[in-house]
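Undergrad: Mind having a look at this structure? Questions to follow.
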Amino acid sequence: ELALKTLWGASRWPGFADSTLVLTPPGWQEAGRRLHQLVAVRASGLLHGPNGVGKSFLIHRWREQLSPKQYRCLRISHSTLMGSDLLRQLVALGGKHPQFRRGDNVLALAALWQEWAPLWPILIVEEAQDLNTTALEELRLLTTARADTQSPFSLLLVGDEDLLPRLDLGVNRALLSRFGFCLHLDRWPPDALQAYLHGRLAEVGIHASPFEAAAETLLLQSAQGSPRTVNGLLQRSLEAAATAQRRQVLRADVTAALDTLPWIAREPA
């Protein structure tokens, strides 16, 4: 901590999840606009993309912009719950007391949608690629509760690149047929990722990048379009330079950071 302040004048370590930095790479604004448009017409669908590209952060920002006079949200991220446990969790998130019997929880959710009317419910399930077949079937049945064939809520499944192939299995086709959209977040392009790196440094008071050109290039190439990976490599690289009491972060420091994060693929030398 002392080296961080004396070497670079930083207020704290950069790259933590409580960042207030908001950067929107290509595709983010369009994805957010489309989400607003699609829930306005009460559609359900999915948002998917590689790990670490900011899907959860996008959903968080999008939820903040939803009008409380029009929408109510339920969000669940523990997607390994079994079908009945998932129902009980949704009832609890809605402020009701979960019941032991499945049918009672289904009735409690139906009553919740009516209680919230005319506000439109939005159910967000993150890490949805981990939902088992029973949980997916429970979600499908919840969407069929109204006799007029309109779903009583908008269902948004958020997951990694395994989500779409998972839903495309024959056993899940009935649920997939009820979706009206599919949005994909790509990996960040190099210029956006570089702006993100510099933004994370400036956020803690490091306004001139301490990375030598070769070190910054290696870090950005190794991150492979993932801002989450940038955060990890940034912290470990600064630690390596601080240990050596060096202001400049060298390529060797980034290499040392990669040694501590062996699951990150290295770019060819």
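Undergrad: In straight Cα distance, which lysines are under 29 Å from K5, not counting same-chain residues fewer than 8 positions off?
TA: none
Undergrad: Taking the 0 to 90 degree range and rounding to the nearest ten, how far is the long axis of helix 133-143 tilted relative to the main principal axis of the chain, both from C-alpha atoms?
TA: The two axes meet at around 60 degrees.
Undergrad: If you don't mind, there's one more thing I want to ask. Please give the per residue volume of the convex hull enclosing the alpha carbon atoms of the chain, rounded to a whole number of Å³.
TA: 150 Å³
Undergrad: What number comes out for accessible area per residue over the chain if the probe is 1.4 Å? Units Å², please.
TA: Per residue, the chain has an accessible area of 50 Å².
Undergrad: Next up: Which is farthest toward the positive dipole end of region 85-175 among Q129, P165, V106, measuring Cα position about the Cα centre, with Cβ charges +1 (Lys, Arg) and -1 (Asp, Glu)?
TA: It is V106, whose Cα lies furthest towards the positive end.
Undergrad: Same structure again: Evaluate the relative contact order of the chain (contact order divided by residue number), counting alpha-carbon pairs under 8 angstrom at least 6 apart; express in whole percent.
TA: Over the chain, the number comes to 27 percent.
Undergrad: Let me ask something else about it. Need the list of lysines near K55 for cross-linking: C-alpha distance under 28 angstrom, and skip anything on the same chain fewer than eight residues off.
TA: Counting by Cα, and skipping residues close in sequence, K55 has these lysines nearby: K69.
Undergrad: Next up: Before rounding to the nearest 500, sum -39500 (n - 2.57) across all DSSP H runs of length at least 4 in the chain and divide by the residue total; then give [θ] at 222 nm in deg cm²/dmol.
TA: Theoretical 222 nm ellipticity from helices: -14500 deg cm²/dmol.
Undergrad: Contact order normalised by length for region 150-226, with contacts defined as Cα pairs under 8 Å and 6 or more residues apart; what percent is it?
TA: 29 percent
Undergrad: For region 21-106, count all C-alpha to C-alpha pairs, find those more than 21 Å apart, and express that count as a whole percent of the total.
TA: Across region 21-106, Cα pairs with separations above 21 Å total 45 percent.
Undergrad: In degrees, nearest 10, range 0 to 90: what is the angle between the Cα axis of helix 83-93 and the longest Cα principal axis of the chain?
TA: 80 degrees
Undergrad: If you take the C-alpha gyration tensor of region 165-240, multiply each eigenvalue by 5 and take the square root, what semi-axes do you get, largest first, in whole Å?
TA: 38, 12, 11
Undergrad: Can you give me the pair-distance distribution of region 1-158, C-alpha pairs, 10 Å bins, whole percents?
TA: 9, 34, 31, 15, 7, 4, 0
Undergrad: How large a share of the accessible area of the chain, in percent, is made up of carbon and sulfur atoms when the probe is 1.4 Å and the other protein chains stay in place?
TA: 53 percent
Undergrad: Would you report the distance distribution of C-alpha pairs in region 205-256 as whole percents per 5 angstrom bin, up to the bin with the largest distance?
TA: Final binned percentages: 4, 24, 34, 25, 11, 2.
Undergrad: Nearest 10 degrees is fine. How inclined is helix 28-40 to the longest principal axis of the chain, computing both from alpha carbons?
TA: Result, in degrees: 10.
Undergrad: Work out which trypsin sites (Lys or Arg not before Pro) in the chain are exposed loop sites (DSSP not H, G, I, E or B, at most 13 other Cβ within 10 Å) and give the longest gap free of them.
TA: With trypsin sites (Lys or Arg not before Pro) excluded where exposed in loops, the chain gives 147-246 as its longest stretch.
The values are calculated or read from the model by the stated rules, or taken from the named source; none is laboratory data. Since this is a predicted model, take the numbers as computed values, not measurements. When we count neighbours, we look across all protein chains shown, and the Cβ atoms used for this are built from the backbone with ideal geometry, even at glycine. Remember, those area values only see protein heavy atoms, side chains included, never the ligands or the DNA or RNA. Shrake-Rupley method; radii C 1.70, N 1.55, O 1.52, S 1.80 Å.
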